[in-house]
């Protein structure tokens, strides 16, 4: 191990290896993954004093269906605010579709945060302002499914200018250099 762990950002990852129907049958809920992510993030509560974020990826979805969901918060209680927002979607769906909400296949096809991969990040700001743009996970979307990127980390990059120059040489046209620079300097 290199450096001693101090008060820095926290990261949580949950990868469900079975279909949602397995968790519905075994644990009584298809929301097993999001519930586990919440517990993991709460265990690291002190590492998220400046913000938090959650991303979810659905695997094996049909073309045209949304497969990445993300929420971020820089509220005073970011974990609570994030999961209140996520769970309110489930509550609203239960009111509108009381029968379907018990069907894991319907949930995966119709609601966000019902996929197989969950990434949570707790921000302990060491650089940048306390704004929503500085909260991870960062999301880089592309029309090609394999060219999307969801990333969260606890790192600082020292060669930001060189990396930006390399991207420009490759033909990248950055939408916002300031946001890219903030991301790379984290």
| Residue exposure sequence - 91, 146 - by fewest surrounding Cβ within 10 Å | 146, 91
| request: With just the Cα atoms of the stretch 10-153, tell me how far they stretch along each of the three principal axes, in Å, largest first. | output: 45, 32, 27
| query | What FRET efficiency, computed as 1/(1 + (r/R0)^6) with R0 = 45 Å and r the Cβ-Cβ distance, is obtained for residue 103 and residue 172, rounded to the nearest 0.05? | reply | 0.60
| query | Under a point spin-label approximation (7 Å from Cα along Cα-to-Cβ), what is the residue 35-residue 18 distance to one decimal in nm? | reply | 1.4
| query | For the pair residue 142 and residue 162, what calculated FRET efficiency results from E = 1/(1 + (r/R0)^6), where r is the Cβ-Cβ distance and R0 = 25 Å, to the nearest 0.05? | reply | 0.60
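Readers should treat all values here as calculations from the given coordinates under stated rules, not as data from a laboratory. These numbers come from a predicted model, not from an experiment. We place every Cβ from the backbone using ideal geometry, glycine too, and count neighbours over all the protein chains shown.
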